[in-house]
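Asks: Can you read through this structure? Questions will come right after.
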Amino acid sequence: MTFQKINIQDFNINPFTAIGEDWMLITAGDQLKANTMTASWGGMGVLWNQNVVTVYVRPQRYTKEFIDSQDYFSLSFFQDYHKELRYLGNVSGRDIDKMNKAQLHITYLDGVPTFEEAKLVFIIQKIYQNTITPSGFIDNSLNQVNYPQKDYHIMYIGKIIDIYQKL
Ligand SMILES: Cc1cc2nc3c(=O)[nH]c(=O)nc-3n(C[C@H](O)[C@H](O)[C@H](O)COP(=O)(O)O)c2cc1C
């Protein structure tokens, strides 16, 4: 099966289960070197008249260096790869060649790294980033529970450039 570009009007997936339960990989880099990490927090919607996704990345993630050095990243969704995504979300590409270990194969769509095994891929252009700030919390219990190390997420808002699906 090969990837086919689909119109956003034909996109028909529940974002709450896709992101929160099935999880996704955030992947960034170039032809020479790329890295990926599992994410289960994020959103899809509309902002500034753009179709956007939002992802939240803690500052210590190795993947963050790749996101920051590129204009684009990908979000990849899978079927029946929970074991691999759990692994990729528990070890760092700083320490181990984790994509090879997980037996996922990098491929490039629009020049952006993703994986042959994905069933759905978003190609994303970064358009905004900022860091979650403690003073912004209205429910401060969420601040206490989620940030004991004060490692506040960097929020990236990205414009959806293309959606590819295995049909
Ligand atoms: C199910 C799951 C969801 C995760 N969601 C996020 C997330 O949304 N944001 C984040 O910064 N880290 C998240 N992580 C943690 C990173 O995936 C993990 O720290 C990973 O090892 C980072 O790899 P890297 O250092 O190679 O970038 C999640 C981990 C798992 C297992």
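Asks: What percentage of all Cα-Cα pairs in segment 50-147 are separated by more than 22 Å?
Replies: The calculated P(r) of segment 50-147 puts 41 percent of pairs beyond 22 Å.
Asks: To continue, here is another question. Please give me the summed charge of the neighbours of residue 47: other residues whose Cβ is under 15 Å from its Cβ, Lys and Arg +1, Asp and Glu -1.
Replies: Residues close to residue 47 contribute a combined charge of +2.
Asks: A further question follows. Principal axes first, then extents: for the Cα atoms of the chain, list largest minus smallest coordinate on each axis, whole Å, largest first.
Replies: Between the extreme Cα coordinates on each principal axis of the chain lie 47, 40, 29 Å.
Asks: Tally Lys and Arg at +1 and Asp and Glu at -1 over the other residues with C-beta under 14 Å from the C-beta of residue 56: what net charge comes out?
Replies: Numbers: positive: 58, 61, 64, 126; negative: 151.
Here the count lands on +3.
Asks: Under a crude label model (7 Å from the Cα following the beta-carbon direction), how far is residue 51 from residue 116 in nanometres?
Replies: For residue 51 paired with residue 116, the spin-label model returns 2.8 nm.
Asks: What number does segment 112-163 give for Rg over Rh if you use C-alpha atoms and the Kirkwood radius? Could you put the intermediate results ahead of the total?
Replies: Working: Rg = 15.6 Å, Rh = 13.6 Å.
Here the Rg-to-Rh quotient is 1.15.
Asks: Continuing with the same structure: Mind listing which chymotrypsin sites (Phe, Trp or Tyr not before Pro) in segment 86-159 are in a DSSP loop and have 14 or fewer other Cβ atoms within 10 Å?
Replies: Numbers: sites: 87, 108, 115, 122, 128, 137, 152, 156; in loops: 137, 152.
Counting only loop positions with at most 14 other Cβ atoms within 10 Å, the chymotrypsin sites (Phe, Trp or Tyr not before Pro) in segment 86-159 are 137.
Asks: With all protein chains present, how much of the accessible area of the chain (probe radius 1.4 Å) comes from carbon and sulfur, to the nearest whole percent?
Replies: Ligands and nucleic acids excluded, carbon and sulfur reach 47 percent.
Asks: Continuing with the same structure: For segment 145-157, take each phi angle, set θ = phi - 60°, evaluate the Karplus expression 6.51 cos²θ - 1.76 cosθ + 1.60, and give the result in whole Hz per residue in order, putting x for glycine and proline.
Replies: 5, 8, 10, x, 8, 6, 8, 5, 4, 8, 8, 10, 9
Asks: How much accessible area per residue does segment 3-166 have, in Å², with a 1.4 Å probe?
Replies: Numbers: 8880 Å² over 164 residues.
Averaged over the residues of segment 3-166, the accessible area is 54 Å².
The values are calculated or read from the model by the stated rules, or taken from the named source; none is laboratory data. Quick caveat, the model's predicted, so the values are computed rather than measured. Heads up, the Cβs are rebuilt from the backbone with ideal geometry, glycines too, and the neighbour counts pull from every protein chain shown. For accessibility, only protein heavy atoms count, side chains too; no ligands or nucleic acids. Shrake-Rupley method; radii C 1.70, N 1.55, O 1.52, S 1.80 Å.
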